[in-house]
Amino acid sequence: MLEQVAPTLARGGVSLFSGTEDASGPSSAVRRRLVLYDGKLLPSHADLLRRDPPALLLATREPESGPTEWEAQLLGAVLRGGSLVPPGLAVARQKLRRMKDVQHASDAASMVVQEAGGSKVASQLAADVLHELAVNALLDAPVDAQGQAKYAHRRTEVHEVDAGDACELGLAVDGSRIYLEAVDRFGRLTTGPFARALDSYGGRVQVNSEGGGAGLGLRRMIEHSDVIAVRVLRGRESRVLCAVDLGDARRRAGFPKSLLFCTE
C-alpha cells in the first residue's frame, strides 16, 4: 500500500515512512499518523482524531485505488501551512464582522455554485456549510485577554464583533466542487467538537454546546462535505476548508470523506 500511494502523496508534497523505519532526522519533525480508508466515516474514527497529534484520515475513493491527486495536494497544504484552497483557482476573499454579512456570504456561495453549473441541491448545501464555517469563526473563536469566550455563549444577542475579532472567508470553485475556507486569528479550535460529532455519526445527533460549534451545524458540515481540512496554529490562527461536490445528491453522510486535522 505504501508503494502504491507514495508517488501520489509525493506529488502533493507529503513524504511517508513506515512505523518500522528508523525515525532519525530533525528532532523538530513531527511524525503524524496517516490513515488510509474507504472514506466512510464511522463513530470509531473519533478516537483517531483524539490522538496527539490527531491522525489524518485520507479517503481512497475507489476500490484498489489510492487517494486522489487533489486530496494529496490538500494534505500537503495542511501540513505546510498557508491557504488550503487548491492552487491555480481564483479565490474570492472577504472579512466579516457583522452577522448579516454571514447570510450575504452564504447567498453568494449558493449563487457561485449555480453559475458554475452545480445543482440546486449543491447550492443549498454550500450555503449551509459556509454559514456554519463563518459563524464558528466569527462567534466561537474570539476570546478576551483572560482567554474567556467573548461571543460563543450569547450567539443570539451578537450582531457585530469587534474589528480585531473579524474572520476571513475564502471561496473558489472548479468544475467538480466548491471550496469554502474560514480563517480566524485565535487558533483555539481543537479536535473535540469534530470527535463528538463523529461519536454518533450515522445515528441521532447529540447536541453539546460546550465551547460552541459542537452541535447539529458541525455535524451537517461534515455530512455535506467531501473533505474537511483544518490547520491550527495554537494561539495564532485556525483555518478550516470544506469542499462540497457540485452534484445533485442530497444525502451525503455516507459518501467518502477525508478529514484532515493538523495542529501546531
For this session: Kindly provide the set of residues from the stretch 238-261 that are hydrophobic (A, V, I, L, M, F, W, C) and open to solvent by 10 Å² or more (accessible area, probe 1.4 Å), ordered by number.
Result: VAL240, LEU246, ALA249, ALA253, PHE255
Exercise. Are there any pairs, at least 6 apart or on different chains, whose C-beta atoms fall under 6 Å, with the first in the stretch 246-264 and under 24 Å from LEU79 (Cα atoms) and the second assigned to a loop (DSSP other than H, G, I, E, B) and modelled with pLDDT under 90, and if so, which?
Worked result: PRO256/ARG61
Seminar exercise, completed: Scanning the stretch 187-220 residue by residue, those of a type in the set (A, V, I, L, M, F, W, C), modelled with pLDDT of 75 or more and open to solvent by 20 Å² or more (accessible area, probe 1.4 Å) turn out to be LEU189, LEU216
Exercise. Restricting attention to the stretch 71-100, which residues are among the aliphatic types (A, V, I, L, M) and either part of a strand (DSSP E or B) or open to solvent by 60 Å² or more (accessible area, probe 1.4 Å) (or both)?
Worked result: ALA90, ALA92, LEU96
Problem set entry | Subset of the stretch 152-184 (residues that are in contact with a Cys (Cβ under 8 Å, 6 or more places away or on another chain) and either of a type in the set (Gly, Ala, Ser) or open to solvent by 10 Å² or more (accessible area, probe 1.4 Å) (or both)) | ALA182, VAL183, ASP184
Exercise. Which is at pLDDT 95 or above, open to solvent by 60 Å² or more (accessible area, probe 1.4 Å) and either over 17 Å from ALA229 (Cα atoms) or assigned to a helix (DSSP H, G or I) (or both), of GLN124, GLN103?
Worked result: GLN124
Problem set entry | the stretch 139-189: number of residues that are within 17 Å of LEU233 (Cα to Cα) and either assigned to a strand (DSSP E or B) or touching a helix residue (DSSP H, G or I) at 6+ places or on another chain (Cβ under 7 Å) (or both) | 9
For this session: Please work out if PRO7 is in a loop (DSSP other than H, G, I, E, B) and either modelled with pLDDT under 85 or over 19 Å from the mean Cα position of the chain (by Cα) (or both).
Result: no
Exercise. Taking the stretch 36-62 only, how many residues are hydroxyl-bearing (Ser, Thr, Tyr) and either surrounded by 18 or more Cβ atoms within 10 Å (Cβ to Cβ) or outside any helix (DSSP H, G or I) (or both)?
Worked result: 2
For this session: Scan the stretch 229-240 and report the pairs whose first residue is more than 7 Å from LEU189 (Cβ to Cβ) and free of Cβ contacts under 8 Å to residues at least 60 places away in the same chain and whose second residue is open to solvent by less than 30 Å² (accessible area, probe 1.4 Å) and hydroxyl-bearing (Ser, Thr, Tyr), with Cβ atoms within less than 9 Å and a gap of 6+ or a chain change.
Result: ARG234/THR263
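The values are calculated or read from the model by the stated rules, or taken from the named source; none is laboratory data. Just so it is clear, the model here is predicted, and its values are computed rather than measured. FYI the Cβ positions are ideal-geometry reconstructions off the backbone, even for glycines, and counts take in every protein chain you see. Please note that ligands, DNA and RNA were not included when accessible areas were found on the heavy atoms of the full protein model with its side chains. Shrake-Rupley method; radii C 1.70, N 1.55, O 1.52, S 1.80 Å.
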